[in-house]
Amino acid sequence: MRRGDGRLSHEINPGEKGPQDACGVFGVWAPGDEVAKLTYFGLYALQHRGQESAGIAVSDGTHIVVYKDMGLVSQVFTEASLESLHGHLAIGHTRYSTTGSSVWENAQPTFRSTATGHLALGHNGNLTNTHELRARVEDLAAQSGELPLGARMQATSDTDTLAALLAAHPELSNEQSALTELPHVRGAFSLVFMDDDALYGARDRHGIRPLVLGRLERGWVIASETAALDIVGASFVREVEPGELVVIDENGLRSHHFAEPEPKGCLFEFVYLARPDTSISGRSVQAVRVETGRRLAREHAVDADLVIPVPESGRYAAIGYAQESGIPFAEGLVKNAYVGRTFIQPSQTIRQLGIRLKLNPLREVIAGQRLVVVDDSIVRGNTQRALVRMLREAGAKEVHVRISSPPVKWPCFYGIDFASRAELIANGLSTDEICRSIGADSLGYVDLEELVDATGVSMDRLCRACFDGVYPVALPEPELLGKHVLEGIERRATSDDAARHHDVEGVATLMGGGASDALDRP
C-alpha cells in the first residue's frame, strides 16, 4: 500500500484549517452480504468526519485482513481492493488526527494478535488518560512476566494504546477484556472493534461522541451517524447508550453496561460536525440548525436585503434566519465541491493573488446589497476576515455576520481539533472587537441557552466545554495533553509574552495570545 501524508484545505484561505472532528467509525455483521462494500459506502457517508486516512478490516472467521492508507475513502479503495476483502464481518474508519501524527502507522483500524485470535479497532474521540493506560499495559505485562505480542506498541495514537490494553489479557476473551478495561478509560470514545467472530461497539459513560445501532435484513450495523445507516439500507434501532458495550455474533445481540451513564453529548455536533440528515438524541440536525437560525434572527435582527449562507455549514441556519426575519434567502457564494484534501500548498505569492480554492462570490447577486452572512462558528477569525473582504470587493454595500453558535473560547480535548486557546479570537477580544477585526458592519452570535434549547436536549446532558469552559471529564496536566503527546511533542501553542494560567481543573491556558494582534491585521 502507498504511504504518504498531506494537509487539508478547509477554508477560503489555502492552509487555513477550521474545527475538525476526530473520526468516523462503521461496523457491520452480515453473513452472506458484501460486508467490505457495505463498509465502504458507510465510510462514504462519514467522510466529513475525517479526511486524512481510511481503512477497512474484514474477518472470514479465521483471519482478519486490514486494508488502510492515507487519503479519502475514494482514494484509498478500488473495486479490486474491495473484491479482495472477503468475510461476514467488517469495521471501517475515516480519520482526522487528534492524538498522534497523520501518518500511515496511525491510520485505523488498528490490528492486534491476541491469545485467542485477532483484534481490529477503530476509535472516534480522544482519551484524556492515555499515559495512565500506557502504564497499565506495562503493569499487566509485568504481572504476566512478559508483554503479550498483541500488546506491543506499534503507533503513537491513543487508539493504539487502547488496542494494546484490550489485547493484554491472554486469559480473557475480547468481550471480557473490554468489560475489564473500558471502566479504566477516560475521555471521549465511541468504538467499533472486532475479533474473528464478533462485532463490538462501545461508548464512553458520557456519550460525548455519537454512536448508533442499525438493523439490516440479515445483520447489524454500528455507525457514528444515522446517515451512514441510511446509505446502506439499515433501519435505525437506537443509540448505543453511554457506558454500554454491545456485542453482535452468531447468537445475536447482547448488551453490557461497564459504567454508570452520565450523558454529556457534544453540542458542537449539532452546530457543525454531524451531517444535516443525521439525527442525534431523536432530533434532526437539520431541524436544529434551522431553529437556531430563527433564534439568531430574533436575537440579532438587522435591516438588510439578502441572507446568504457560508456553504455548507451555514446553510440551514441561514434558512432559519431568512424565515424568521422575512429577508430573502439567496445563494451568494459558490463552493467548489471538489476541494477537500490537497497536497499542494500555495506559496505566499499565490496567496497574495487572492486564490480562492473553496468559495467564490456571485457578483450579480451581492453587488449593491446589504448582506446578512450566516456561518456556523468563528475560530481564529481569518476565514471570516477573508470572506468579508471578498464580499466587499464583489460590491456588497454592507456585510452583517451572524454566527449560529456562541463564541468558541476553549479548546476541545474530546475529539475536535480546534485551535489552541491562544489562537481562539474570542478568547481575549469582545464581540465588537472581533467585528472590527474581521471588517464586518455588525456581528452577532446565538446565545448559548438559545442554542441548547433549539437542540431539545437539556443543558446538563450536553458537553458545552468549547463555549463555557466546563469540561465534563477531568483533564490531566498540560504536558499530558496534545496531539503529539505520545511522541514527546507538546502541541499546544505557547508565547513568550503570554502568562500561563490554570483556569479549568489544572489546564494551562494562554489568555488572549494569538488573537491579541487581530485588530491590527490587514
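The values are calculated or read from the model by the stated rules, or taken from the named source; none is laboratory data. Everything quoted here is computed from the prediction, not taken from an experiment. Cβ coordinates were reconstructed from backbone atoms using ideal geometry, including for glycine residues, and neighbour counts include every protein chain displayed. Heads up: the accessible areas ignore ligands, DNA and RNA and are worked out on the full protein's heavy atoms, side chains in. Shrake-Rupley method; radii C 1.70, N 1.55, O 1.52, S 1.80 Å.
Okay, here's what the table says:
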quantity: Matching residues in segment 214-232 - criterion: being touching a helix residue (DSSP H, G or I) at 6+ places or on another chain (Cβ under 9 Å), buried (at least 24 other Cβ atoms within 10 Å of the Cβ) and either within 18 Å of THR114 (Cα to Cα) or among the hydrophobic types (A, V, I, L, M, F, W, C) (or both); calculated: VAL221, ALA223, ALA228, LEU229
quantity: Leading residue by the ranking (nearest to the chain's Cα centre (by Cα)) among those in segment 273-304 that are over 26 Å from ILE416 (Cα atoms) and not in a helix (DSSP H, G or I); calculated: HIS300
quantity: Matching entry among ILE425, ILE434, ILE416, ILE403 (being among the aliphatic types (A, V, I, L, M), crowded, with 24+ Cβ neighbours inside 10 Å and within 23 Å of ARG209 (Cβ to Cβ)); calculated: ILE416
quantity: Of all residues making up segment 229-258, the number that are of a type outside the set (Phe, Trp, Tyr) and in a strand (DSSP E or B); calculated: 16
quantity: Cβ-Cβ under 6 Å pairs, at least 6 apart or on other chains, segment 232-261 side closer than 13 Å to GLN176 by Cα and modelled with pLDDT of 95 or more, far side of a type in the set (S, T, N, Q) and open to solvent by 50 Å² or more (accessible area, probe 1.4 Å); calculated: VAL246/SER255
quantity: Unmet criterion (only one of (1) closer than 30 Å to CYS466 by Cα; (2) at pLDDT 90 or above; (3) open to solvent by 10 Å² or more (accessible area, probe 1.4 Å)) for ASP5; calculated: (2)
quantity: Residues located in segment 86-109, provided they are modelled with pLDDT of 85 or more and open to solvent by less than 10 Å² (accessible area, probe 1.4 Å); calculated: LEU89, ALA90, ILE91, GLY92, HIS93, THR94, GLN108, PRO109
quantity: Some residue of segment 24-38 being closer than 16 Å to ALA227 by Cβ, touching an Asp or Glu at 6+ places or on another chain (Cβ under 8 Å), open to solvent by less than 50 Å² (accessible area, probe 1.4 Å) and in a strand (DSSP E or B); calculated: yes
quantity: Residues (small (Gly, Ala, Ser) and surrounded by fewer than 21 Cβ atoms within 10 Å (Cβ to Cβ)) located in segment 305-341; calculated: GLY326, ALA330, ALA337, GLY340
quantity: Every residue from segment 158-173 that is open to solvent by less than 10 Å² (accessible area, probe 1.4 Å) and either under 22 Å from the mean Cα position of the chain (by Cα) or hydroxyl-bearing (Ser, Thr, Tyr) (or both); calculated: ASP158, THR159, ASP160, THR161, LEU162, ALA163
quantity: LEU213 being hydrophobic (A, V, I, L, M, F, W, C), touching a Lys or Arg at 6+ places or on another chain (Cβ under 7 Å) and at pLDDT 90 or above; calculated: yes
quantity: Residue in segment 174-183 that is assigned to a loop (DSSP other than H, G, I, E, B) and either open to solvent by less than 20 Å² (accessible area, probe 1.4 Å) or modelled with pLDDT under 90 (or both) present; calculated: no
quantity: Strands (runs of 3 or more DSSP E) contained entirely in segment 356-444, each with at least 3 residues that are modelled with pLDDT of 95 or more; calculated: 370-375, 398-403
